[in-house]
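I have placed the structure first, in the form of structure tokens, so that the comments after it can refer back to it.
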Amino acid sequence: MGVYISRHRTDAAPKRASESDAEFFERIAGPFWDQVRDVINEWWSHFPPDAQPGLRSRLRDRNSDANVFSAFWELYVHEMLLGSGCTVEIEQQIGTGGKYPDFLVTRGDEQFIVEAIWTAENLDATGSSSLPPQVVDAIDRVPTPNFYVAYKVDSVGSTTPQQRRLKNELTRWLASLDPDQVTAEYEQKVPLPRHTWQEAG
């Protein structure tokens, strides 16, 4: 058993906005990601057997991306310590104060503790300028063989807009553009085309 099961994967699509990191790592196909999963499985196998189930559960947590990456960080630090020739014990009690650091590390005559802490940077603490993940996925699924679509949010309402209506309107707008003309105008310093979409007020 490992963190990821070796199986034939066929979906190589980029990560979807509504997809958790755990779901993405399990789904994504391709030789590169197969190698990533193999490395994670190998590193996980180096953890003590009694600590493996808890770590595996965190690495596969579909409800918390922060939990997944915190577990990745602990996995990396543990492997780095082992690769440095250290002996590593997991969550051993230190002293009489009930402290259980992540790692008790021994190398030669030296012993020290390591607490592996991973923090996520919140780029939009208020959430006022972010779109619902389903809407982002709808934009990403618009067929745009000639263009990349970027968006800026002016305001977000209290309800999720109709994704089909958004996709249809974007598809019609993009189909009305001539990629050769847009390229020629852009080379002449003409701003790229913009489209304003408003739903429910």
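Every number in this text was worked out from the coordinates using simple rules, so none of it is lab data. All figures in this text were calculated on a predicted structure; none of them were measured in a lab. All Cβ positions, glycine included, derive from the backbone under ideal geometry; neighbour counts span all protein chains shown.
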Self-check item: Where N is the number of residues in segment 1-57, Cα Rg divided by 2.2 N^0.38 Å
Solution: 1.20
Quiz prompt | Square roots of five times the Cα gyration tensor eigenvalues for segment 30-69, Å | solution = 18, 16, 6
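With viscosity set to 1.002 mPa s and temperature to 20 °C, compute the Stokes-Einstein D of segment 130-201, Rh being the Kirkwood radius across alpha carbon pairs; µm²/s, no decimals. Intermediate values should be presented prior to the final figure.
Values: Rh = 13.5 Å.
D = 158 µm²/s.
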Practice problem: Name the residue farthest towards the positive end of the dipole of the chain from the options Trp197, Val156, Val68, assuming +1 on Cβ of Lys and Arg, -1 on Cβ of Asp and Glu, about the Cα centre. | Solution: Trp197
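Given the C-alpha atoms of segment 22-96, compute the convex hull and give its volume per residue in Å³.
On the way: hull volume 7.9 nm³, N = 75.
In segment 22-96, the Cα hull volume divided by residue count equals 105 Å³.
With a cut-off of 8 Å between alpha carbons and a minimum separation of six or more residues, what is the relative contact order of the chain in percent? Numbers along the way, then the final one.
Details: 192 pairs, mean separation 27.6, N = 201.
Result for the chain is 14 percent.
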Practice problem: State the answer as a single residue: which of Ala12, Gln111, Pro143 lies farthest towards the positive end of the charge dipole of the chain, with beta carbon charges of +1 for Lys and Arg and -1 for Asp and Glu, about the Cα centre. | Solution: Pro143
Quiz item: Across every pair of different alpha-carbon atoms, what Kirkwood hydrodynamic radius in Å does the chain reach?
Solution: 21.1
